[in-house]
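Data block below; observations after.
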Amino acid sequence: MKQETLRELPGEKCRGEHRCSSCVPPRRAVAYFVRGAALGRATRAGSEAPEAARLLGISVNRVNLVAWGSSGATSGLAGVLISPLLNKLDTTTLVVFTVQALAAALLGQLTSLPRTLLGGLALGIVQPVIGRIVSTNLDGIRGTDEVTALLVVLLSLLTFRRSGGPGGTG
């Protein structure tokens with residue numbers, strides 16, 4: 001039986017169980033929220049200069065509550081959406097995703113969404129390559145994707161200096 005194309009977007013085809021949507025509209029929505037919406041600007045102000053934001057009348061605690069709540073809801077939704085692909089949703093699986101997301105965020109130096117996206121793409125390219133190298137040289141070794149992400153996290157943390165970023169002195 002031929003699989004039907006669920007939705008075709010420019011440059012992408014979605015087939016079978018892998019229902020997906022383009023990541024461009026959500027990215028644009030987040031960019032608009034952060035740059036254009038009042039709550040997005042308040043979030044940026046509260047994270048960069050909390051005292052200045054308080055002086056401008058922004059309730060930094062309320063903004064933090066909304067930011068943490070919305071990120072928790074988004075991550076919960078992501079877990080629910082990814083669970084059909086994994087046939088399970090348990091804490092062990094989600095920890096693996098958390099380590100891989102942390103590796104991508106650290107490659108983006110925790111400051112840049114485009115760098116984080118590139119870091120995630122680079123991690124997604126490097127993990128299968130390392131897995132292939134290890135599987136051809138050593139039989140029976142599993143979990144190379146997780147170990148690769150963990151090594152990226154550890155190496156990224158080692159390159160950060162006390163001043164809070166790579167290359168800083170402190």
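The values are calculated or read from the model by the stated rules, or taken from the named source; none is laboratory data. Only a predicted model underlies this, so the values are computations on that prediction, with no experimental measurement involved. No Cβ is skipped: glycine too gets one built from the backbone with ideal geometry, and neighbour counts run over all protein chains shown. Surface areas here come from the heavy atoms of the whole protein model, side chains and all, with no ligands, DNA or RNA. Shrake-Rupley method; radii C 1.70, N 1.55, O 1.52, S 1.80 Å.
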| Residues in region 135-148: is at least one over 27 Å from residue 27 (Cβ atoms) and touching a Gly at 6+ places or on another chain (Cβ under 6 Å)? | yes
| field | Condition met for residue 132 (of a type in the set (D, E, K, R), over 25 Å from residue 48 (Cα atoms) and modelled with pLDDT under 85) | value | no
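A quick yes/no check of all residues on (1) open to solvent by 80 Å² or more (accessible area, probe 1.4 Å); (2) of a type outside the set (Gly, Ala, Ser); (3) under 30 Å from residue 47 (Cβ atoms):
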| position | (1), (2), (3) |
| --- | --- |
| 73 | no, no, yes |
| 78 | no, no, yes |
| 83 | no, no, no |
| 89 | yes, yes, no |
| 95 | yes, yes, yes |
| query | Is at least one residue of region 37-56 under 22 Å from residue 110 (Cα atoms) and basic (Lys, Arg)? | reply | yes
| task | Considering every residue within region 52-67, establish whether at least one is open to solvent by 60 Å² or more (accessible area, probe 1.4 Å), farther than 22 Å from residue 145 by Cβ, of a type in the set (Gly, Ala, Ser) and modelled with pLDDT under 90. | result | no
| request: Would you mind finding the one in 106, 113 that is touching a helix residue (DSSP H, G or I) at 6+ places or on another chain (Cβ under 7 Å) and either within 20 Å of residue 153 (Cβ to Cβ) or surrounded by 12 or more Cβ atoms within 10 Å (Cβ to Cβ) (or both)? | output: 106
